[in-house]
Amino acid sequence: MTYATKERILKQLTRKTVSVIIAVTFIAGCAGRAANPVAVNQYGDTSRSCKAIESELSFIDSEVSRLIPATEKTGKNVALGVAGAFFLVPWFFMDFSQAEQTEINALRQRHNHLIILAGEKNCEMQRAQVQEVVKKSPEPTTKDLNQSNF
């Protein structure tokens, strides 16, 4: 094989490699979605009636109920990761974004803002502020520490 032939083959391989890397980058960018959080303070909040505030709170509750199942992606991502070990394509469908969790946190803040606003207007509601839910990793137990190889 001549030097020119080797150089031509190397250029073709380089082009193919770069093309594959660019394609994978673009496809991986499609995994997940961008968060679209609701604004906590919205125009006209101060002029809302008690009934309008209650209606908005009901809408927020339904949105949170809709988004909560989508926040737990671990099982789906593990299954896709295992399948991706055999076939490359499933890796492109793994979702590492936290869009749903960001939207839920924004809705929680909006909910709490409306509860405060309802309290200032002396609206009679049986709702309380919602605290932020933080998933903590389990604390190691004494048994776990005794079995470790430190």
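Under a point spin-label approximation (7 Å from Cα along Cα-to-Cβ), what is the THR102-VAL64 distance to one decimal in nm?
Computed distance between label sites THR102 and VAL64 equals 2.0 nm.
Provide the net charge surrounding VAL38, with neighbours chosen by a C-beta distance below 14 Å and charges set as Lys +1, Arg +1, Asp -1, Glu -1.
Details: positive: ARG66, ARG108, ARG110; negative: ASP45, GLU56, ASP61, GLU63, GLU100, GLU103.
Net charge around VAL38: -3.
Between THR46 and LYS6, how many nm apart are label points set 7 Å from Cα along the C-beta direction?
7.8 nm
Can you sort GLU63, GLU120 by how many other beta carbons sit within 10 Å, fewest first?
The fewest-first ordering by Cβ neighbours comes to GLU120, GLU63.
Just grab the label-to-label distance for GLN126 and LYS16, each label 7 Å out from Cα along the Cβ direction, in nm (one decimal).
Going by the 7 Å Cα→Cβ label model, 6.9 nm.
A short reminder: the numbers here are calculations on the coordinates, not readings from a lab. As the structure is a prediction and not an experimental result, all values here were calculated from the model. Every residue, glycine as well, gets a Cβ built from its backbone with ideal geometry; the counts of neighbours run over all protein chains shown.
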